[in-house]
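Every number in this text was worked out from the coordinates using simple rules, so none of it is lab data. Fair warning: this is a prediction, and the values are worked out from it, not measured in the lab. Note: ideal-geometry Cβ built from the backbone for every residue, glycine included; neighbour counts use all protein chains shown.
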């Protein structure tokens, strides 16, 4: 098809119609409240903080899985700008997922906006799913360099595409903010559950130094959210799905939207994958082994006919689409890590539940242990992602003993976390966490029973904190919330 044939399909009038439909505030002055929902994710506050730092101008890029609420954050930011007195015509929302806009290109869209709606350059551009636009990284660079008064916020479901663009064109020009699925704390907030009454500055690690009576007071409050954990692990941290009153339907939407669209459409189009079946098979395999150490050779062998390089590439694509996390081994106290295979976690425990459709998860302690460890890892990775730490695992010693999760600070002040999600789970003296806790800043054992909390003494004399999973997950989100500088 030559260029002349394309003209009638995409016209300036057509583009303007689509833009006007997406930007009703040009006429009404307000954002539809159904689009800018009342509950605000942590990433909203982070984004507004960056937008206000005009001395350190940055393009803000929000990245996260489908349905985590990135578009909602854009609408909330637009609503905030309108309420602060910004002229409605200065704000344009552009969905690059819309066929008309996807095939138009940046120049036509922005020319159309400036010719018809707002002539000056001191505008606010909001680009949704920017990775679908051709040469998006070059355009962001051009806008950043040539239009110093323009502010840009973008979202994308595929982060390495965004990260790669950042390395190539955007060095020092944009900030990537990750939007993980909701934490257990956010889930309880969005569902308006009966809130525990907790001290404002409560953190998990200092609980080691409390008296058992003080811990009991906190646990009595936290018991209000205990019964919500199981459903959270089933429908996960996707805002719309959490609010749904039909859990089976929520899981079906998760399969169709969060998984199928990514595996069959997004990734094949972004990475020129001709056969998405292999990608689906690899993802299904990873759902089965979430929280285990996974070797590329084992997958290639298990999935007959899939080559090693293909497995490696596809795993990095799945990570780029925010469907999985890779946790790498870390050195502890000078003990070198030998052959390094990552642990792989599904980005939200509910995704693997929805894909595997396995009813036995809730009754099988081994499967449930994996689901809880997946959720614990996700919470820790999200909590520490802005900080100068790495989150991995440890495996070493003669018998290859393991510590599930290690938060490693540059100054060697590690936090060790072991997930023991079963009734009266003992941690023997020869376990890796017991052996290595002497040099750690804190050691935490995540338990199952609501009464399984307190301290356990390690052979070195140091104390390790035992805390039930529902309390650990809730408190991590609570600490994150209270560490945020509120803008509203």
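Stretched out fully, how many nm does the piece from residue 303 to residue 463 gain, at 0.36 nm a residue minus the Cα gap? The partial results should precede the final answer.
Numbers: separation 160, 0.36 × 160 = 57.60 nm, distance 4.46 nm.
Once the chain is fully extended between residue 303 and residue 463, it gains 53.1 nm.
Run the helix sum for the chain: -39,500 (n - 2.57) per DSSP H stretch of 4+ residues, divided by residue count, reported at 222 nm to the nearest 500 deg cm²/dmol.
Values: 22 runs with 208 residues, N = 488.
Rounded to the nearest 500, it is -12500 deg cm²/dmol.
At a threshold of 8 angstrom on Cα-Cα distance, excluding pairs fewer than six apart, so keeping six or more, what relative contact order does segment 214-299 reach in percent?
Rounded, it is 12 percent for segment 214-299.
Over segment 310-384, calculate the relative contact order: mean separation of alpha carbon pairs under 8 Å at least 6 apart, over the residue count, as a percent.
Numbers: 52 pairs, mean separation 18.8, N = 75.
Relative CO of segment 310-384 lands at 25 percent.
Find the eigenvalues of the gyration tensor of the Cα atoms of segment 3-179, then list the square roots of 5 times those eigenvalues as equivalent ellipsoid semi-axes, largest first, in whole angstrom. Spell out each step's value before the answer.
Numbers: eigenvalues 103, 80, 53 Å².
Whole-Å semi-axes of the equivalent ellipsoid: 23, 20, 16.
Which whole-number percentage describes the relative contact order of the chain, with Cα contacts under 8 Å and a sequence gap of 6 or more?
Values: 759 pairs, mean separation 67.0, N = 488.
Averaging sequence separation for qualifying contacts and normalising by length gives 14 percent for the chain.
Which FRET efficiency value, to the nearest 0.05, is calculated for residue 52 and residue 11 with the Förster distance at 35 angstrom and r the Cβ-Cβ distance? All intermediate terms of the calculation are to be shown ahead of the outcome.
On the way: r = 38 Å, r/R0 = 1.08.
According to the calculation, E is roughly 0.40.
Please determine, in degrees from 0 to 90 and to the nearest 10, the orientation of helix 469-483 with respect to the longest principal axis defined by the Cα atoms of the chain, where the helix direction is its Cα long axis.
Between helix and principal axis, roughly 50 degrees.
Would you mind calculating the gained length between residue 272 and residue 366 on full extension (0.36 nm times residue separation, minus the Cα-Cα distance), in nm to one decimal?
Working: separation 94, 0.36 × 94 = 33.84 nm, distance 3.78 nm.
Going from the current span to full extension adds 30.1 nm.
To test your reading of the geometry: what angle, between 0 and 90 degrees and rounded to tens, separates the Cα axis of helix 106-116 from the longest principal axis of the chain?
60
Between residue 27 and residue 430, what is the FRET efficiency for a Förster distance of 56 Å, r being their Cβ-Cβ separation, to the nearest 0.05?
Numbers: r = 70 Å, r/R0 = 1.25.
About 0.20, to the nearest 0.05.
Identify which of the listed values of Rg and Dmax of the Cα atoms in Å was calculated from the structure shown: (i) 30.9, 89; (ii) 23.9, 79; (iii) 26.5, 82.
(ii)
Using the beta-carbon distance between residue 357 and residue 100 and R0 = 41 Å, what value does 1/(1 + (r/R0)^6) give for FRET efficiency, to the nearest 0.05? Could the numbers behind the result be given before it?
Details: r = 37 Å, r/R0 = 0.90.
According to the calculation, E is roughly 0.65.
Could you tell me how many degrees, from 0 to 90 and to the nearest 10, lie between the Cα long axis of helix 212-226 and the main elongation axis, the longest principal axis, of the Cα atoms of the chain?
Compared with the principal axis, the helix lies near 50 degrees.
Please list 17-25, 61-69, 232-240 highest first by mean number of surrounding beta-carbon atoms within 10 Å per residue. Display every interim value, and only then the final one.
On the way: 17-25: 16.6, 61-69: 24.7, 232-240: 23.1.
Highest mean packing first, the order is 61-69, 232-240, 17-25.
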